[in-house]
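The structure appears right after this line, and notes come after that.
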Amino acid sequence: LPATDSSEQSPLHSLYIQPSFFTPTQTSKILALAKQHAELTNCWTTKDDERHSTYATVDFPIEESVELSEYLADIGFQDKMFGEMAELYGLDSSDLSFLDFFCVQYQAKEDDDDGNDDVMDQLEPHRDGSLLSFTILLTPPNEFEGGGTSFDALRDVTLPDHNVLHQGGVIRPQNAGDAVLHSGKLLHGADVVTFGHRVVLVGFVDVGLWCTRNDFLPIATKEWGRCDVMSYRYKRQSAITTQKKQSGWILNNSRWLPPPSGARGRSYIKGYVPAFSSVIKRADKEFQRMKKLQVEYWLLQNILLPEEERGGADDYEDDTLNEDEQREREEVLRQLGIDINDITIL
């Protein structure tokens, strides 16, 4: 992984619990408006796999509820949240913008009287599409059991007499209206709700590209992906083998690679070949977990540019084509017989 001059601990390694981000009155009002919208639209009866295709959630975008959007604007929610996040993570409020903002309901399976498979009681570990994220609890904790945001990096951390951090690295705010702020690139999930309903506001907050090293996230995702490939390779080896007590391959490459001087090495394979110890080691779940955490630490330590190297939105040069460049591209496509309307920009 590329090294940088970052020596001090990055603020992105920290997560924060903000007690009473909303007042009790504000929290009750927001929850009531959310329930009202959900009842009118039935949006909490099915998972939204269009907006969140990989990790579908039972939710609705805040912008779809006019009443809730207007109320949040009236109480100055965005300015307050962006101000808090900017101060905690060493940024400016103008560097922040919403990638997504939605309201989620988690419901214990035993409370699902209709047998709806789309009821959601938990969410698998994942990383958000944004650099920063937050969750604000709306439901009073005495109305549900379980739930909370689990962080893999906190899995083995124990704090005696701590009322917020629970076993398995689960953060459970003590009161409705409390907020949890963290980097979206921390591996996290939603712990299972075992009783009742738990409603939360969730926000994915983008950080301006002028504040970050934009080539570092692709490197991190590649390294995380390599771990997944390691698991797949060993799983495939285990499935292919005809041996009952060992994992390996049944292969034969002697047709293309004769053994040198009759010797057998790792390049020459004929018959059963057990899985190499290095393959087994890399496929181990705890080995992979530590590798992924190392990459996570590196990314959070280095992705933010030092303050003195940051510009602003006006200084940032993106790759948007100007009019002349646009016409030139259209002419090249025309000569190739390609309709520009048939092209999808990813």
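Does residue 96 satisfy being at pLDDT 95 or above, within 22 Å of residue 186 (Cα to Cα) and of a type outside the set (Gly, Ala, Ser)?
In short, yes.
Against the condition out of contact with any helix residue (DSSP H, G or I) (no Cβ under 7 Å at 6 or more places or on another chain), within 24 Å of residue 175 (Cβ to Cβ) and modelled with pLDDT of 95 or more, how does residue 29 come out, does it pass?
No.
Take segment 30-43 and flag every residue that is more than 12 Å from residue 139 (Cβ to Cβ), of a type in the set (A, V, I, L, M) and free of Cβ contacts under 8 Å to residues at least 24 places away in the same chain.
Correct list: 40 only.
Counting only residues that are surrounded by fewer than 22 Cβ atoms within 10 Å (Cβ to Cβ) and among the β-branched types (Val, Ile, Thr), which one in segment 177-200 is farthest from residue 98 (Cα to Cα)?
194
So residue 230 fits all but one of (1) over 30 Å from residue 65 (Cα atoms); (2) surrounded by fewer than 18 Cβ atoms within 10 Å (Cβ to Cβ); (3) not β-branched (Val, Ile, Thr); what number is the exception?
(2)
If only one of 27, 54 is more than 17 Å from residue 179 (Cβ to Cβ) and in contact (Cβ under 8 Å) with a residue 60 or more places away in the chain, which one is it?
The unique qualifying residue is 54.
Can residue 160 be described as over 19 Å from residue 298 (Cα atoms), modelled with pLDDT of 95 or more, surrounded by fewer than 20 Cβ atoms within 10 Å (Cβ to Cβ) and not acidic (Asp, Glu)?
No.
Against the condition open to solvent by less than 30 Å² (accessible area, probe 1.4 Å), among the aromatic types (Phe, Trp, Tyr) and in contact with a Gly (Cβ under 8 Å, 6 or more places away or on another chain), how does residue 151 come out, does it pass?
Considered against the rule, which asks whether it is open to solvent by less than 30 Å² (accessible area, probe 1.4 Å), among the aromatic types (Phe, Trp, Tyr) and in contact with a Gly (Cβ under 8 Å, 6 or more places away or on another chain), residue 151 comes out as yes.
Scanning for something more than 20 Å from residue 100 (Cα to Cα), in contact with a helix residue (DSSP H, G or I) (Cβ under 8 Å, 6 or more places away or on another chain), without any contact (Cβ under 8 Å) to a residue 40 or more places away in the chain and open to solvent by 30 Å² or more (accessible area, probe 1.4 Å), does segment 201-224 turn up at least one residue?
No, there is no match, as no residue in segment 201-224 is more than 20 Å from residue 100 (Cα to Cα), in contact with a helix residue (DSSP H, G or I) (Cβ under 8 Å, 6 or more places away or on another chain), without any contact (Cβ under 8 Å) to a residue 40 or more places away in the chain and open to solvent by 30 Å² or more (accessible area, probe 1.4 Å).
So the check is Cβ under 7 Å with 6+ separation or different chains; which pairs have a first residue in segment 84-96 that's in contact (Cβ under 8 Å) with a residue 12 or more places away in the chain and a second one that's assigned to a helix (DSSP H, G or I) and open to solvent by 40 Å² or more (accessible area, probe 1.4 Å)?
What qualifies is 88/11; 89/11; 90/11; 90/307.
Would you say residue 119 is part of a loop (DSSP other than H, G, I, E, B), open to solvent by 20 Å² or more (accessible area, probe 1.4 Å) and either closer than 22 Å to residue 68 by Cβ or at pLDDT below 95 (or both)?
Answer is no for this residue.
Taking strands (runs of 3 or more DSSP E) that fall entirely within segment 1-112, which contain at least 3 residues that are open to solvent by 30 Å² or more (accessible area, probe 1.4 Å)?
It comes to 16-18, 96-107.
The values are calculated or read from the model by the stated rules, or taken from the named source; none is laboratory data. All values reported here derive from a predicted model rather than from experimental measurement. Neighbour counts are summed over all protein chains in view; Cβ atoms, including those assigned to glycine, are modelled from backbone coordinates with ideal geometry. The protein model used for the area step is the full one, side chains on, heavy atoms only, and it has no ligands, DNA or RNA in it. Shrake-Rupley method; radii C 1.70, N 1.55, O 1.52, S 1.80 Å.
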